[in-house]
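Every number here is computed from the coordinates shown, using simple stated rules; none is lab data. Since we're looking at a predicted model, the values are computed, not measured. Using ideal geometry, Cβ is built from the backbone for each residue, glycine included, and neighbour counts are taken over all protein chains shown.
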Amino acid sequence: MKKSTYRFGSLIRVCLIFISLLIIIVACDEDENVQRPNPSIQIIENSNFVSSDTMISVGQTFIVSIHAEFNGYNKLTNFIAKLNGKNYLDLGMYADSFDREIEIQKGLDDADEWEFIIRDFEGNASSVNLTSKKTQILFMVRLISI
């Protein structure tokens, strides 16, 4: 009688191990290795906004309009604006799309390199760049003789 109880207990252990392994295999998500597309980001082209590289006077302000969309899988979580490689603006969100108007004032540098970056929940990122260059302002002095 002890032998049949031992066999029955062994059979239950083997079945539990098999079921546990089966649950672990089924529970593993195959999507972990799937590479999703990056979110999209663009500078809106409109007569009211600067939408491409431009020449501008020092101290003059202009507006850049940004639009970003998620990739259909992962929500947008972070927007970063960099000026000459340094963080200028860093915003967090959890959204399908993102729209932002940024008012920028031209600095004293000859060229300001702007990079606008959008990231999603998985860390996928896309960026767009904009360069604003200083215009050459010439002052003319006219001598008037009387």
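The count of lysine pairs in the stretch 38-134 that are at least 8 places apart or cross chains, and whose C-alpha atoms lie under 21 Å apart, stands at 8. Take every Cα pair under 8 Å whose residues are at least 6 apart in sequence, average their separation, divide by the length of the stretch 60-123, and the relative contact order is 46 percent. By other beta-carbon atoms within 10 Å, ranking THR131, THR61 with the fewest at the front produces THR61, THR131. Going from the fewest other Cβ atoms within 10 Å to the most, the residues SER57, SER47, SER127 appear in the order SER47, SER57, SER127. Taking only the C-alpha atoms of the stretch 38-134, the Rg (one decimal) and the largest Cα-Cα distance, Dmax (whole number), read 13.6, 42 Å.
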